[in-house]
1. Looking for something of a type in the set (V, I, T) and within 26 Å of T157 (Cα to Cα) - is there at least one such residue anywhere in region 62-74?
2. Would you check which residues across region 136-146 are closer than 23 Å to Q224 by Cβ and in contact with a Lys or Arg (Cβ under 7 Å, 6 or more places away or on another chain) and list them?
3. Out of region 110-151, which residues are outside any loop (DSSP other than H, G, I, E, B) and within 22 Å of N175 (Cα to Cα)?
4. Within the bounds of region 254-271, is there any residue that is without any contact (Cβ under 8 Å) to a residue 60 or more places away in the chain and within 22 Å of T146 (Cα to Cα)?
5. Could you check L16 against (1) in contact (Cβ under 8 Å) with a residue 60 or more places away in the chain; (2) hydrophobic (A, V, I, L, M, F, W, C); (3) surrounded by fewer than 21 Cβ atoms within 10 Å (Cβ to Cβ); (4) part of a loop (DSSP other than H, G, I, E, B) and say which number it fails?
6. Looking at this structure, is K30 modelled with pLDDT under 95 and either basic (K, R) or part of a strand (DSSP E or B) (or both)?
7. Is it the case that A113 is surrounded by fewer than 19 Cβ atoms within 10 Å (Cβ to Cβ), assigned by TED's automatic domain parsing to the domain that holds F150 and at negative phi?
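The values are calculated or read from the model by the stated rules, or taken from the named source; none is laboratory data. This structure is a prediction, so every number in the text was calculated from the model and none was measured. All Cβ positions, glycine included, derive from the backbone under ideal geometry; neighbour counts span all protein chains shown.
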Amino acid sequence: MNVFITRIIPESGLRLLEEAGLQVKQWSQKRKMTREELIAECSGADALLSAGQQLDREFLEASSHLKVIALHSVGYDNVDIETATRLKIPVGNTPGVLSGATADTAFLLMMAAARNAFHMHRTIINGEWGFFEPTANLGKELNGCTLGVFGLGKIGTEMAKRCAGAFGMKIIYHNRSRNEEAENLLDATYVSFEDLLKQSDVLTVHTALTPQTEGKFDLGVFKQMKSGSIFINTARGPIHNEHDLIEALESKIIWGAGLDVTNPEPMQADNKLLMMPNVAVLPHIGSATEGTRNAMARLAAENIIAVLKGEKPPFLVNPEVYIGL
């Protein structure tokens with residue numbers, strides 16, 4: 001059986017697929033495939049391992065012969081899950097293994113924004129490391145601050161553990177439903193969304209992109225936050241309104257921001273956010289460690305191998321595919 005992969009993935013995943021006797025082809029060009037190219041490449045494939053591709057209804061209906069789609073990610077907002085389910089195509093993802101690495105990235109962005117780190121690095125490159133001024137380039141203290149977590153799941157919990165351990169931060173959170181396990185682990189307090197905005201010194205986003213969360217953080221929301229607060233997003237770019245975030249920072253409605261995700265991606269080099277002293281932006285590298293990416297590749301391969309062996313994949317987004325079978 002044949003597997004098509006939309007990017008070059010770590011060797012650990014490839015090895016699993018090949019050891020299972022599968023024929024593997026990878027897209028080697030350093031650009032995103034067009035829908036037409038993806039349809040053509042999948043025409044002779046039994047399984048698709050997708051990294052970073054938009055799998056919309058048109059693609060899925062043209063590729064309805066696929067026996068399984070494995071995502072090289074935990075997020076699946078780039079897949080039309082309703083159509084995949086209707087076509088009886090199981091879709092697998094890679095939960096759990098990237099929680100620590102992504103939380104590390106959120107913690108890094110919080111630190112960098114709080115201390116103007118990216119901006120200060122640029123001053124050295126620009127030859128501006130000059131006269132010492134005791135009142136210049138002052139950052140934010142984080143000790144004893146309140147961390148607000150929007151989406152206290154696995155990644156949010158890991159971020160909260162780091163902040164509580166390093167800075168003794170008080171943890172508050174808002175979810176669709178309470179996470180009592182995390183409350184007991186972190187002494188975290190569940191609050192309304194409005195109280196999350198009012199009380200957080202650092203507000204970190206770790207929720208999925210859904211119709212309910214898309215554009216959630218707009219100017220009206222930023223205006224409810226503390227004027228000295230820092231906004232962190234390592235989840236998905238469309239969860240915040242970028243134009244409104246720029247206005248909130250320029251108008252000092254909030255103090256700073258740290259972003260691993262933007263809208264669109266890639267971000268343009270002349271984006272105002274890149275020039276702001278108390279903003280830190282990374283190019284969506286939350287899971288970019290050797291260990292994490294290898295683990296993601298293995299989970300994606302395991303999802304494919306299971307289905308092609310006639311088994312239910314271990315990490316399934318749309319279990320409805322198997323109802324009644």
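1. yes
2. If the condition is that a residue be closer than 23 Å to Q224 by Cβ and in contact with a Lys or Arg (Cβ under 7 Å, 6 or more places away or on another chain), then T146 is the only one that fits.
3. If the condition is that a residue be outside any loop (DSSP other than H, G, I, E, B) and within 22 Å of N175 (Cα to Cα), then M110, T146, L147, G148, V149, F150 are the ones that fit.
4. yes
5. Here L16 meets the rest and fails (4).
6. yes
7. Numbers: surrounded by fewer than 19 Cβ atoms within 10 Å (Cβ to Cβ): no; assigned by TED's automatic domain parsing to the domain that holds F150: yes; at negative phi: yes.
Judged against the criteria, A113 is not a match.
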